[in-house]
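Colleague: One structure follows; several queries about it will come next.
The values are calculated or read from the model by the stated rules, or taken from the named source; none is laboratory data. Since we're looking at a predicted model, the values are computed, not measured. Don't worry about glycine lacking a Cβ; one is built from the backbone with ideal geometry, like all the others, and counts go over all protein chains shown.
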Amino acid sequence: MRTWFWTTLILLIFPLLAACAPSNVTPTATIVRLDRSALTPTAPAETVADTPPTATPIPFPSPTPAATPVSLATPSISPTPSAGTPAITATATAAVQVEIITAGLNVREGPGVTYPAIGTVAQGEVFELTGVSTNGNWLQITQAGRPGWISSQPAYVRVTGSLSDIPTVDSAAGPPSPVSGQAPAVGGQPAAVNPGGQLLFATRSGGDLYIVNFDGSGLRKLAGGVIDPVVSPDGRQVAFTRWDSSKLGALYLLNLADGGERVVAGDIRRPKSPAWSPDGQAIVVSFQHGGTVDPQPECRTFDADDGFQLPNVSEITSVRQKSDGSVEICFIRIEDLQWGLRRINLASGQAEDLPADLYSFNPTWDPQNPWRLIYDGQRGLMQLDVDSGKLQPFTTDVRDAAPVFSPDGQKLALTYKQHDHWEVYTYDLATGSRRRLTEPPLLANPQYNSAAPAWSPDGSQIVFVTDRSGQWEIWVMNADGSNQRPLLPAEVQAGLGLEYHGVNERLLNWLEASGPAPAAPVAMPIEASLSGEWDFAFGSMSLSEQNESVKGSYQWYGGADTGQLKGVVLPNLGQFQGLWLSDRSPNSQGFWRGQLSAAGTSFSGTFEGSETSQPWCGVRSGQPLPVGCGFSGVWQLRFGSPVGLGQATLTQTGATVEGTFVDSQGQPGEIVGGVVTVHSLTEATLSGVWRNAQGEQDSFEWRLNLTTGRTFEGRRDPGNSEWCGWRQGTTEPDECGF
């Protein structure tokens, strides 16, 4: 029996060791999405009918954005540029030359596409390099006695010599604000597309959001830390998500007319892929919902005479034989995140979890049939009837990903996994046939990628990202795949810094020419100053803003702590951050940061101590807190007596709370005289009186977990019976229940 045991164990470990052995095969230099199957498909024909896959797909570890999205309150400050040549931080040791190999290229005042063009260079011209930018994307030359900058992309220039011999030039002054209507002088112009349109794009998942005209002019940054932006049906708003450090995130809306942002729904775990309903009244997002999260090392001991079995999808980390002859096997489970779908009402903020697969990504709403939602499921595309909740397979090819409906609802544009790279396909809903739109030459090595398609408003063209030139760029083609070409001028493409990592990113949106153009960022108006009295979820504060600095004092509800606030304001972004210092304990301090609304009447952000971090939100004193802030909002209730479920709708104004509820027997009631008292950075209590329609009334108490702001537990009289609850739209906690 022991021989059998060790033989089995060796066979189990050998594939793991073999997987770690070096390979003599040169890998294809392309990004590879976390796969959902063990398939190694062959390229389909130009147009093929939808047929079942030849192998049974297996669950896959769900993808995570390639870069952790940047918190909205950790802004990047762009100082005003100063005149003169940037300071040189090293001394050149050898002459290095650059030759222009494209038809023409702009020379810019600084290292970036947002600097103005000061001249042009033509194909065949050669210059001596005098500097290179810190990121290596721009080269400094001297033209007609004046220093200037050109792109370093190998598609446009050929460098003779080593850039390591060139001094690094530190652009101490940041790029100037882009000038609306400024177009590149020459160089790499794309083929003409519909005039007057605009492109809204994200640089990566969790990157910056920009808008630009199709001629490359008017490049403007709208926001940062943006995941999967998508424009509303009326073209006036952009929905996107952001995550914080705890992997909780929120759904945001950005107004294209004034650049103002607002949070629609918060406390969502890793929200992604917002999809608008055709009437613009609701949004569906994909969110992390269950699975194996943050697995920890485990060890199990097996008797040598018995068989052994480890959990599926785990890695063995060590094997040790004990003195009694038993064997200890240590392992760690592979993280396997599951993803669901949630519908959010934009007017009320109320959320509803929809029927979905264990792995549900990239929802897209049929613009012509509001009942139909298509999403990327576990074994192909799935169709959900959002009215009835009926769920059924739509395609059976696990390589279908990131569907996007055409404006007329007749086709889907897909990002399709073609062996080891991505291609763009369309899928005809009437016939079930696919059409491959992008296809690298057969002998191309590596096979370049094309992905993340988005339709033009009239459905005649498709924009997409591709790395066929050696860097990620935005290209456009006709809806049948013909006339593929770069959408933006070459030097604009070179400076964008696009990234695509195959993690269900949505990067591109095509705006109609008649759509509203967002205004360039301007200083926040005086009425948006932080000065004044504020109420937040667990206290109040008095602030004074002057010369882009802010200071003031705070007090927790109940008076358990008071202290001072000091910080800075970024007026162009409406953001603020700084330190809080407790009066009660000199060692008690932390970090506070937030985003002010465009109207200057509310804010949201985080409030951090030495070991805790919690959501932070507030309003001008005297106004009720918005849904999702403090106790305001809808709560699901679980009653200990009589046992059952109920619901409460509450409004918090300052330290007081009022509202209504329905108990476990369906009887309505109201909550009056609620008072919030804060005991620590992690807990607050709400005490008050409940009364029902039968005239019964008594006292109650909730203990709210401030770390998440999502769950409470407590008791109510008579009988001191238990009740607990969780914010609507979140998952019931395991500890809630009797």
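Colleague: If we keep just the residues of region 317-332 that are over 12 Å from Pro295 (Cβ atoms) and of a type in the set (A, V, I, L, M, F, W, C), which is farthest from the chain's Cα centre (by Cα)?
Modeller: Per the criteria, the residue is Val327.
Here is a yes/no grid of residues against (1) closer than 18 Å to Leu414 by Cβ; (2) among the small types (Gly, Ala, Ser):
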| residue | (1), (2) |
| --- | --- |
| Leu437 | yes, no |
| Pro446 | no, no |
| Ala452 | yes, yes |
| Trp455 | yes, no |
| Gln461 | yes, no |
| Val465 | yes, no |
| Ser469 | no, yes |
| Glu473 | no, no |
| Asn478 | yes, no |
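Colleague: Condition test on Val126, is it of a type in the set (A, V, I, L, M, F, W, C), assigned by TED's automatic domain parsing to the domain that holds Ser152, closer than 27 Å to His501 by Cβ and modelled with pLDDT of 50 or more?
Modeller: no
Colleague: Considering region 346-355 alone, what residues qualify as being surrounded by 15 or more Cβ atoms within 10 Å (Cβ to Cβ), under 21 Å from the mean Cα position of the chain (by Cα) and within 12 Å of Val386 (Cα to Cα)?
Modeller: If the condition is that a residue be surrounded by 15 or more Cβ atoms within 10 Å (Cβ to Cβ), under 21 Å from the mean Cα position of the chain (by Cα) and within 12 Å of Val386 (Cα to Cα), then Leu354 is the only one that fits.
Colleague: Cβ-Cβ below 6 Å, separation at least six or inter-chain, first residue in region 419-443 and over 14 Å from Thr466 (Cα atoms), second surrounded by fewer than 22 Cβ atoms within 10 Å (Cβ to Cβ) and small (Gly, Ala, Ser): which pairs?
Modeller: Close Cβ pairs satisfying both conditions: Gly432/Ala49; Ser433/Ala49.
Colleague: Residues that are aromatic (Phe, Trp, Tyr) and either in contact with a strand residue (DSSP E or B) (Cβ under 9 Å, 6 or more places away or on another chain) or at pLDDT 90 or above (or both): list the strands (runs of 3 or more DSSP E) wholly contained in region 412-516 that include at least 3 such residues.
Modeller: In region 412-516, 421-428 are the strands (runs of 3 or more DSSP E) which contain 3 or more residues that are aromatic (Phe, Trp, Tyr) and either in contact with a strand residue (DSSP E or B) (Cβ under 9 Å, 6 or more places away or on another chain) or at pLDDT 90 or above (or both).
Colleague: Determine whether Gly235 is more than 19 Å from Gly349 (Cβ to Cβ), in contact with an Asp or Glu (Cβ under 8 Å, 6 or more places away or on another chain) and at pLDDT 90 or above.
Modeller: Spelling it out, Gly235 is indeed more than 19 Å from Gly349 (Cβ to Cβ), in contact with an Asp or Glu (Cβ under 8 Å, 6 or more places away or on another chain) and at pLDDT 90 or above.
Colleague: Which of the residues spanning region 575-626 are in a loop (DSSP other than H, G, I, E, B), at pLDDT 70 or above and not small (Gly, Ala, Ser)?
Modeller: Asp583, Arg584, Thr601, Gln623, Pro624, Leu625, Pro626
Colleague: While we're looking at this one, here's another question. Please determine whether any residue of region 307-316 is of a type in the set (Phe, Trp, Tyr) and more than 26 Å from the chain's Cα centre (by Cα).
Modeller: Among the residues of region 307-316, at least one is of a type in the set (Phe, Trp, Tyr) and more than 26 Å from the chain's Cα centre (by Cα), which makes the answer yes.
Colleague: Here's a check for you: in region 637-648, which residue that is part of a strand (DSSP E or B) and surrounded by fewer than 19 Cβ atoms within 10 Å (Cβ to Cβ) is nearest to the chain's Cα centre (by Cα)?
Modeller: Once the filter is applied, the top-ranked residue is Gln647.
Colleague: I need a count of the residues in region 692-738 that are at pLDDT 70 or above, of a type in the set (A, V, I, L, M) and either surrounded by 13 or more Cβ atoms within 10 Å (Cβ to Cβ) or outside any loop (DSSP other than H, G, I, E, B) (or both).
Modeller: Looking only at that region, the number is 1.
Colleague: Checking the conditions here, which among Asp228, Asp279 is at pLDDT 90 or above, in contact with a Pro (Cβ under 8 Å, 6 or more places away or on another chain), charged (D, E, K, R) and part of a loop (DSSP other than H, G, I, E, B)?
Modeller: The conditions single out Asp279.
Colleague: When you check Asp294 against the structure, is it within 30 Å of Gly377 (Cβ to Cβ), of a type outside the set (Lys, Arg) and either in contact with a strand residue (DSSP E or B) (Cβ under 9 Å, 6 or more places away or on another chain) or part of a loop (DSSP other than H, G, I, E, B) (or both), yes or no?
Modeller: Criteria met by Asp294.
Colleague: Only strands (runs of 3 or more DSSP E) wholly contained in region 298-397 count here; list those with 2 or more residues that are over 30 Å from Gln728 (Cα atoms) and hydrophobic (A, V, I, L, M, F, W, C).
Modeller: Once the strands (runs of 3 or more DSSP E) in region 298-397 are filtered for at least 2 residues that are over 30 Å from Gln728 (Cα atoms) and hydrophobic (A, V, I, L, M, F, W, C), what remains is 298-302, 314-321, 327-333.
Colleague: Another question, if that's okay. Any idea which residue in region 656-691 is nearest to Ser582 (Cα to Cα), counting only those that are crowded, with 21+ Cβ neighbours inside 10 Å and touching a residue at least 60 places away in the same chain (Cβ under 8 Å)?
Modeller: Leu681
Colleague: Taking Ser456 as the residue in question, decide whether it is under 25 Å from the mean Cα position of the chain (by Cα), surrounded by fewer than 24 Cβ atoms within 10 Å (Cβ to Cβ) and assigned by TED's automatic domain parsing to the domain that holds Phe361.
Modeller: Spelling it out, Ser456 is indeed under 25 Å from the mean Cα position of the chain (by Cα), surrounded by fewer than 24 Cβ atoms within 10 Å (Cβ to Cβ) and assigned by TED's automatic domain parsing to the domain that holds Phe361.
Colleague: Only one of Ser323, Ser406 is hydroxyl-bearing (Ser, Thr, Tyr) and out of contact with any strand residue (DSSP E or B) (no Cβ under 6 Å at 6 or more places or on another chain); which?
Modeller: Testing whether each residue is hydroxyl-bearing (Ser, Thr, Tyr) and out of contact with any strand residue (DSSP E or B) (no Cβ under 6 Å at 6 or more places or on another chain) leaves just Ser323.
Colleague: Might you let me know whether region 372-383 holds any residue that is under 22 Å from Ala451 (Cβ atoms), among the charged types (D, E, K, R), surrounded by 14 or more Cβ atoms within 10 Å (Cβ to Cβ) and touching a Phe, Trp or Tyr at 6+ places or on another chain (Cβ under 7 Å)?
Modeller: yes
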